[in-house]
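The block underneath contains the structure these notes are about, expressed in structure tokens.
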Amino acid sequence: MIFDIEKETMPREDLKKLQLSRLQDLCSRIYYNVPFYKKKFDELGVKPADIRSLDDLKRLPFTTKQDLRDNYPYGLFAVPLDNIERIHASSGTTGKAVVDGYTRRDVATWAELVARGLTMAGATASDIVHVAYGYGLFTGGLGAHYGAERIGATVVPMSGGATRRQVQLLRDFGATVLCCTPSYANYLYEAAVDQGIDIAKLPLRVGVFGAEPWTDEMRQDMERKMGISAHNIYGLSEVMGPGVAMDCEEKNGMHIHEDHFIAEIIDPETCEVLPEGSTGELVLTTITKQGMPLLRYRTRDITSLDHTLCHCGRTTARMTRITGRSDDMLIIRGVNLFPSQVESILMEKEGLASTYQLVVDREGPLDTLEVQVELIEGMFSDEVKAMQEQEVRVRKKIKEFLGVTAKVTFVAPHSIKRSEGKAVRIIDKRKM
Ligand code: DLL
């Protein structure tokens, strides 16, 4: 099913025309209403009227997370505060919070885009949607909530935490759709096993998982053990929250709602726009947002775009699974590495759980990497030798495929701290 057949299957030529007129409108709105953008345009000698084609986007300035921090809290709003209906923010681990303001229309658009995504995942008005993303300033909970209401589903606004109770209510309320981070879904699965509940036997049939990187191997594992169809959902607070892009039934990249966002891929070092199909940093321009529109926002997320037609019939571009944020990229003795690359290798090995951590440290001038991975229940062996041999096999594979020498340590089931939201995959002792 397609939520908005006209917009989601629009011929690309028409879509581009719509994008251009919305981009021109955006440029006028921000030039005349946001001093930060007026200054940037003036410095580059560009006026809104100079934007005559989508290609002219390249002439416009980028916006970075630092720009948002410098204009904290309301400096980038393009409407008077009276017209802001909602505020969300992401705390970030360092520095000031990054704030986003939504007008009434922005909230309605957001609900509609999440509704499109839920429909792509196969959810309908007959579903019971259990939302275990956190509610509050984080966009996950309320974003999924409004989207589920918009398709007419029954919403269970559970939020994160109280994991034992979540499992009981998943069973008792008969949820058919679960929205949470993939790592929390794994945690819920483990908690269910502990309580003697087999999630695969519950009515649950769809997972809407996102807010953190995860691999296709992890998706397959979750689909198998939980008896669900698991879909990837992408978004970020600054741009809207969940609902920027979503997997359809083909699970072959996430469809970007291009009538609302223009996506570009740039080289994060040179900021040059890369040719179609290249991997690089995703840059998003919000062409319909009123409250806090962003021009060429540098997401730091690494992905690539695919414009080929999808079998589902939608004409929008798809972004590949995010390998990681450029901020999360580790450089171990000169080799660039994302946690998700290690995850792909771990998930191929039988007996290893999906809970792992990369511990980075320094010995003298050299960086060291230790991969700690949990064994699944029943696989912890007293036979030290057998375990060591297995560890060596994983180490060799990491070296062979990623070019990094890592120490691999198998740890007991449930020994790595679980998160109720985004998983912590990197412990960087060099920074402590
Ligand atoms: O995580 C919004 C969201 C909520 C998305 C619920 C999906 C579901 P932030 O907390 O601002 O917002 O974090 C945004 O999380 O820039 C990515 O690095 C990462 N991220 C989000 N979705 C995915 C995904 C929400 N599907 C940051 N795969 C983004 C990989 C993701 N990374």
>> Just checking: which of the helices (runs of 4 or more DSSP H) contained wholly in region 135-196 hold 2 or more residues that are within 16 Å of the ligand (Cβ to nearest atom), over 26 Å from Glu217 (Cα atoms) and in contact with a Gly (Cβ under 9 Å, 6 or more places away or on another chain)?
In response: 139-150
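Go through region 239-264 and count every residue that is within 11 Å of the chain's Cα centre (by Cα) and open to solvent by 10 Å² or more (accessible area, probe 1.4 Å). Explain how you work it out, then say what you get.
If we filter region 239-264 for residues that are within 11 Å of the chain's Cα centre (by Cα), which is where we start, we get 241-246, 254.
With the extra rule that they be open to solvent by 10 Å² or more (accessible area, probe 1.4 Å), the set shrinks to 242.
Residues meeting the conditions: 1.
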>> So in region 278-306, with the set limited to residues that are in contact with a helix residue (DSSP H, G or I) (Cβ under 8 Å, 6 or more places away or on another chain) and among the hydroxyl-bearing types (Ser, Thr, Tyr), which one is most open to solvent (accessible area, probe 1.4 Å)?
In response: Thr288
>> Being farther than 21 Å from Gly291 by Cβ, surrounded by 13 or more Cβ atoms within 10 Å (Cβ to Cβ) and out of contact with any Asp or Glu (no Cβ under 6 Å at 6 or more places or on another chain): is that true of Thr9 here?
In response: yes
> Which number in (1) within 16 Å of the ligand (Cβ to nearest atom); (2) hydrophobic (A, V, I, L, M, F, W, C); (3) open to solvent by 60 Å² or more (accessible area, probe 1.4 Å) marks the one condition that Val342 misses?
Replying inline: (3)
>> Could you tell me how many of the residues in region 319-336 are in contact (Cβ under 8 Å) with a residue 12 or more places away in the chain and either more than 16 Å from the ligand (Cβ to nearest atom) or surrounded by fewer than 14 Cβ atoms within 10 Å (Cβ to Cβ) (or both)?
In response: 5
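Based on what the data block shows, is Thr64 open to solvent by 10 Å² or more (accessible area, probe 1.4 Å), more than 30 Å from Val156 (Cβ to Cβ) and among the hydroxyl-bearing types (Ser, Thr, Tyr)? Walk me through it before giving the result.
On the way: open to solvent by 10 Å² or more (accessible area, probe 1.4 Å): yes; more than 30 Å from Val156 (Cβ to Cβ): yes; among the hydroxyl-bearing types (Ser, Thr, Tyr): yes.
So Thr64 fits the description; yes.
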>> So Asp367 ticks every box in (1) crowded, with 16+ Cβ neighbours inside 10 Å; (2) without any contact (Cβ under 8 Å) to a residue 12 or more places away in the chain but one. Which box is left unticked?
In response: (2)
> Would you say Val114 is β-branched (Val, Ile, Thr), within 11 Å of the ligand (Cβ to nearest atom) and not in a strand (DSSP E or B)?
Replying inline: yes
> Restricted to region 72-113, and to residues that are modelled with pLDDT of 95 or more and polar (S, T, N, Q), which residue is most open to solvent (accessible area, probe 1.4 Å)?
Replying inline: Asn83
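Evaluate the following for Glu400: is it open to solvent by 60 Å² or more (accessible area, probe 1.4 Å) and within 26 Å of Thr181 (Cβ to Cβ)?
Numbers: open to solvent by 60 Å² or more (accessible area, probe 1.4 Å): yes; within 26 Å of Thr181 (Cβ to Cβ): no.
Considered against the rule, which asks whether it is open to solvent by 60 Å² or more (accessible area, probe 1.4 Å) and within 26 Å of Thr181 (Cβ to Cβ), Glu400 comes out as no.
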> Do you know which residues across region 293-305 are assigned to a strand (DSSP E or B), more than 25 Å from Thr119 (Cα to Cα) and either of a type in the set (A, V, I, L, M, F, W, C) or away from the ligand (no atom under 16 Å from the Cβ) (or both)?
Replying inline: Ile302
>> Which of the numbered conditions does Asp14 fail, given that it passes all the others? Conditions: (1) surrounded by 14 or more Cβ atoms within 10 Å (Cβ to Cβ); (2) out of contact with any Lys or Arg (no Cβ under 8 Å at 6 or more places or on another chain).
In response: (1)
>> Given (1) in contact (Cβ under 8 Å) with a residue 40 or more places away in the chain; (2) within 16 Å of the ligand (Cβ to nearest atom), identify the lone condition not met by Asp127.
In response: (2)
>> Return the pair list, or none, for Cβ contacts closer than 8 Å from residues in region 154-165 that are closer than 16 Å to Ala191 by Cα and in contact (Cβ under 8 Å) with a residue 12 or more places away in the chain to residues that are of a type in the set (Phe, Trp, Tyr) and crowded, with 17+ Cβ neighbours inside 10 Å, at least 6 apart or on different chains.
In response: Gly160/Tyr133; Gly160/Tyr184; Thr163/Tyr187
> Is it the case that some residue within region 412-420 is among the hydrophobic types (A, V, I, L, M, F, W, C) and surrounded by fewer than 17 Cβ atoms within 10 Å (Cβ to Cβ)?
Replying inline: yes
>> Looking at Cys310 and the list (1) closer than 26 Å to Thr215 by Cβ; (2) open to solvent by 20 Å² or more (accessible area, probe 1.4 Å); (3) more than 20 Å from the chain's Cα centre (by Cα), which single condition is not satisfied?
In response: (2)
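The values are calculated or read from the model by the stated rules, or taken from the named source; none is laboratory data. Values in this document were obtained by computation on a predicted structure and should not be read as measured data. Cβ coordinates were reconstructed from backbone atoms using ideal geometry, including for glycine residues, and neighbour counts include every protein chain displayed. When the accessible area is computed, the model is the full protein with side chains, heavy atoms only, and any ligands, DNA or RNA have been set aside. Shrake-Rupley method; radii C 1.70, N 1.55, O 1.52, S 1.80 Å.
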